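Right, one structure below, let's go through it.
The values are calculated or read from the model by the stated rules, or taken from the named source; none is laboratory data. All figures in this text were calculated on a predicted structure; none of them were measured in a lab. Note that we place each Cβ from the backbone using ideal geometry, even for glycine, and neighbour counts take in every protein chain shown. The protein model used for the area step is the full one, side chains on, heavy atoms only, and it has no ligands, DNA or RNA in it. Shrake-Rupley method; radii C 1.70, N 1.55, O 1.52, S 1.80 Å.
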Amino acid sequence: MLISALGFALMSACVKYVSTYGIPVFEIVAARALVSLVISYLDVKRKGISVWGHNKPLLFARGLVGTLALMCVYYSITSLPLAEATILQYVHPVFTAILGLIFLKERLQRSTMLCIAFCLAGLFVIIQPNIIDDVNYELPLFSVMIAIIGALGSSIAYVIVRKLSQTEDSSVIIFYFPLIALPTSLFLVADDFIWPSLYLTFMLILVGIFTQIGQVGLTKAMKTQSAGKASAYSYVQIVFSALLGAIIFNEIPSVYTFFGGTLIVIGALINVLGSRKSAPQATNKQK
């Protein structure tokens, strides 16, 4: 999940960067999907398995939900500061834990609940002053709502991935995402398509490469951990995104962002320590 978080943070930075050159959101989604489709297809063929999988309806649903969530996430990245856009995306562990509890019958561990509590507290500290303080700026309400919808869509996709991991290879699950995203985004971009320069083409390719790194890490983690617990680790992406926003886009986080980020990191550490303590206990019970 740490590797996945870094991959997605770098992806977000590339998305925001190319958008400053006027590249439409749907075109960025299409570029990412094209790169991911090629890499995923080659990976499936390398394993010598069928690209279509077994549970085709659920695989298709994962691709569709993931595509819609991705479009919302990319829009928020292009219309909000990178740190804030990432933070708003990361309300998804709350949704994921609840959906995992309802649909996958997973029990929430105490460490996961504490992690979510600390992370939500940090989320509130970071967002609250930006909304009520007229001295700095006010986040666009529409962009905030789109980001939250994207977070909900991501949670649904994560839970579907967790369910699919019981019967499908991780490479097949990843393959279905760009398989649905590419034709959908090309249809939506239509006449707004802009031919990128060679340099921007390279940046768009990086979006797909960093996405693939994030997706592989995420899918592997969801296969070995519960939906709520695995997604809790991904909060570390907020720290990565804040650093990239400051370095690349000169977006200096406020003291509230630093304080909220500290709470989030504490929550992640609780989750890590909790998983280490529960493992020996489970082993002792088996004995």
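The single condition from (1) outside any helix (DSSP H, G or I); (2) charged (D, E, K, R); (3) at pLDDT 85 or above; (4) open to solvent by 50 Å² or more (accessible area, probe 1.4 Å) that Glu138 fails is (3). In the range 89-105, the qualifying residues are those that are part of a helix (DSSP H, G or I) and surrounded by 23 or more Cβ atoms within 10 Å (Cβ to Cβ), and the one that is farthest from the chain's Cα centre (by Cα) is Gly100. Taking first residues from the range 46-61 that are of a type in the set (Lys, Arg) and partners that are part of a loop (DSSP other than H, G, I, E, B) and at pLDDT below 95, the Cβ contacts under 8 Å between residues at least 6 apart in sequence or on separate chains come to Lys47/Asp169. Confirm whether Leu80 is touching a helix residue (DSSP H, G or I) at 6+ places or on another chain (Cβ under 6 Å) and of a type outside the set (S, T, N, Q). Considered against the rule, which asks whether it is touching a helix residue (DSSP H, G or I) at 6+ places or on another chain (Cβ under 6 Å) and of a type outside the set (S, T, N, Q), Leu80 comes out as yes. Restricting attention to the range 177-193 and to residues that are within 26 Å of Gly53 (Cα to Cα) and open to solvent by 10 Å² or more (accessible area, probe 1.4 Å), the residue that is modelled with the lowest pLDDT turns out to be Phe177. Restricted to the range 50-71, and to residues there that are small (Gly, Ala, Ser) and open to solvent by 10 Å² or more (accessible area, probe 1.4 Å), the residue that is farthest from the chain's Cα centre (by Cα) is Ser50.
Taken over the range 237-259, the criterion of being modelled with pLDDT of 80 or more and of a type in the set (Ser, Thr, Tyr) is satisfied by Ser241 alone. Would you please list the contacts, defined by Cβ atoms under 9 Å and residues six or more apart or on different chains, that run from a residue in the range 108-126 that is outside any helix (DSSP H, G or I) to a residue that is hydroxyl-bearing (Ser, Thr, Tyr)? Qualifying pairs under 9 Å: Leu108/Ser226; Gln109/Ser226; Gln109/Ser275; Gln109/Ser278. Selection within the range 144-176: residues that are open to solvent by 20 Å² or more (accessible area, probe 1.4 Å) and of a type in the set (D, E, K, R). The member of this set that is farthest from the chain's Cα centre (by Cα) is Asp169. Tally the residues that are open to solvent by less than 20 Å² (accessible area, probe 1.4 Å) and under 13 Å from the mean Cα position of the chain (by Cα), restricting the search to the range 72-88. Total satisfying the criteria: 8.
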